[in-house]
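Just below is one structure, and these are the notes that go with it.
Here, each number is a calculation from the coordinates, and none is a lab measurement. Computed from a prediction, not measured in an experiment: that's the story for all the values here. Positions of Cβ are generated from backbone atoms using ideal geometry, with glycine treated the same way; all protein chains shown enter the neighbour counts.
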Amino acid sequence: MTGETTTSLSPTARTGPTKASLLPLLDDAFAQLKVPSFIHVNLDAVALNVDILKGLSSPKTEIMGVVKGGAYGSGLLPVVEVLLEKGVRELAVATVAEGLYLRRHGINVPITILGNLVPCEVSDVTQHNLIPSLSWSQALMSVPRESLVYPDGSRLKVAINIDTGMSRYGVQPEDLPALVQDLDDLEVTILSMYTHFQSAITEREKNQKQLDLFLSASEPYKCRGITRHVAATTGCVQGLGTDLDFIRPGGAITGLCSGSDKEGTNQFAKKRFQPAFSVIARPTFYKLLGAGRHVGYDGTYTTSEDEWIANFSTGWSDGLSRRLSNGVGAVRRISTGERCPIVGRVSMDSITVRLPEQPLPDEVFQVLTDDYDEVTSAVGMARNLGGATYEIPGNWSTRLPRLYTRNGKIVKIYLSLQYTC
Ligand SMILES: *Cc1c(COP(=O)(O)O)cnc(C)c1O
């Protein structure tokens, strides 16, 4: 048993808006890249999303742009460039290595590391002016006190992560005074305090409770000029913590909804965010098969009539989950907006797709759409796969080339296998 369905799949379903206005640009991209499939990152979407985030937070609130995981798969440096251009003054990443990567590429703004600091990372952190997060003082205790300084001689700055209910990282609120005392004794500067919400967009009251706990735990330290931030993508959509010193969104920057449930997605999409990441492809081959043909590895799909079956050159090695086989996934035909189901198994390097008719020469399709479609978008795929929306672009590999556009023009190309994060 494979667990996959072999029932005949409805040939096509029509979906929402198409990307027809982008077609001349995409034709140009195919000509420049000389490949049949590529990733398109629309940096105009990033700029738009930053404006939306500004509109969701109070005027005095700054944005700390979370760009971990290669800006959620859209590409660290190109996304950071847009953020800085849009006036974002601080960044956050998960690991020290990501912070070092940004420093090596000339990014000089404050960078907070969201992961737990371990003692062996302290020298890289201080040498490169990074701001580590602490949940306990143990991370610094074994380090010689005189080394807790930046190259300019100033004391190490840290962010304190407070656990208000997520039960992942973070000091317990009742242990916060002791941690602050330890850090004062170490003469480390406490720059900020923050917490992270556990619950989904539709679970506002639960996150409200965390916010209340955070505000009361951090209140005694406000007078020290310690900045406070709480709202990641979910909080920004819920309007929780959007009037503190910073909002701290990641997914929303590239238009990704923090959850994949329908109601939360609707609330997110209503804010008019725009996904930046899509995958564009032209068929590499197609043929008309008669009824009774078994398609792909293990013949898990059987044609029920004459069917146009097309190959697209992208598969699970690129990041297209094998669990999208047999109609769980589909590609969008841009000219008509039709969804064309993936039939048979997703292979390592290619997929087989049932088209409603013979495609036109050079027809363009989207394997991953830049919207909130139920099947072809990141959020739709995540919902159907039982995964996280962020995983979908985040898991794409470096084998497909990447095309970056800004103001409707191609501004950057990473060739296949040349892209690092
Ligand atoms: C990843 C992360 C964020 C960003 O979350 P999004 O849901 O992507 O906006 C913010 N804060 C912390 C601590 C994180 O780990």
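Using the Stokes-Einstein relation with a Kirkwood hydrodynamic radius computed over Cα pairs, the translational diffusion coefficient of region 123-171 at 4 °C and a viscosity of 1.567 mPa s comes to 111 µm²/s. In the chain, a dipole from Cβ-located charges (positive for Lys and Arg, negative for Asp and Glu) runs towards its positive end, and of Val93, Ala382, Pro151 it is Ala382 whose Cα lies farthest in that direction. Relative contact order of region 44-254: 23 percent, from C-alpha pairs under 8 Å at least 6 residues apart in sequence. The calculated 222 nm mean residue ellipticity attributable to helices in the chain amounts to -7500 deg cm²/dmol, summing -39500 (n - 2.57) over DSSP H runs of n ≥ 4 and dividing by all residues. Counting only Cβ charges, +1 for Lys and Arg and -1 for Asp and Glu, the dipole size of the chain around its Cα centre is about 680 debye.
Over the C-alpha atoms of region 89-176, the Rg to Rh ratio, Rh being the Kirkwood estimate, stands at 0.97. Excluding same-chain neighbours fewer than eight residues apart, the aspartates and glutamates reachable from Lys209 by a Cα-Cα span under 20 Å are Asp163, Glu174, Asp175, Glu219, Asp243, Asp245. Here the label points at His294 and Thr189, each 7 Å from Cα along the C-beta direction, are separated by 6.9 nm in the simple model.
Taking a sphere under 10 Å around the Cβ of Val188 and counting the other residues whose Cβ falls inside, with K and R at +1 and D and E at -1, yields a net charge of -1.
Would you mind classifying region 44-254 by shape? Square roots of the alpha carbon gyration tensor eigenvalues, ordered a ≥ b ≥ c; an a/c under 1.5 is rounded, otherwise it is prolate if a/b is larger than b/c and oblate if not. It is oblate, given that a/c is not under 1.5 and a/b is not larger than b/c.
Debye-formula intensities of the chain, expressed as log10 I(q)/I(0) at q = 0.06, 0.09, 0.11 Å⁻¹, are -0.28, -0.60, -0.84 (one equal scatterer per alpha-carbon, no solvent). What is the sum of charges around Lys222, taking Lys and Arg as +1, Asp and Glu as -1, for the other residues whose C-beta is under 12 Å from the C-beta of Lys222? Its environment carries a net charge of 0. Listed by chain and number, the aspartates and glutamates whose alpha-carbon sits under 14 Å from that of Lys86, ignoring those within fewer than 8 places in the same chain, are Asp44, Asp51, Glu62.
Comparing Pro110, Pro275, Pro132 in a Gaussian network model of the chain, where Cα atoms under 10 Å apart are tied by springs, the biggest mean-square fluctuation is seen for Pro110. Dipole size of region 44-254 about its Cα centre, with +1 on Lys/Arg Cβ and -1 on Asp/Glu Cβ: approximately 320 debye, rounded to the nearest 20. In terms of distances greater than 26 angstrom between alpha carbons, the cross-link table entries Lys222/Lys271; Lys287/Lys409; Lys60/Lys270 yield Lys222/Lys271; Lys287/Lys409.
Taking a sphere under 15 Å around the Cβ of Leu417 and counting the other residues whose Cβ falls inside, with K and R at +1 and D and E at -1, yields a net charge of +1. Does region 150-271 come out rounded, prolate or oblate by the C-alpha gyration tensor, with a ≥ b ≥ c the root eigenvalues, rounded set by a/c under 1.5 and, if not, prolate when a/b is larger than b/c and oblate if not? Here region 150-271 falls in the prolate category.
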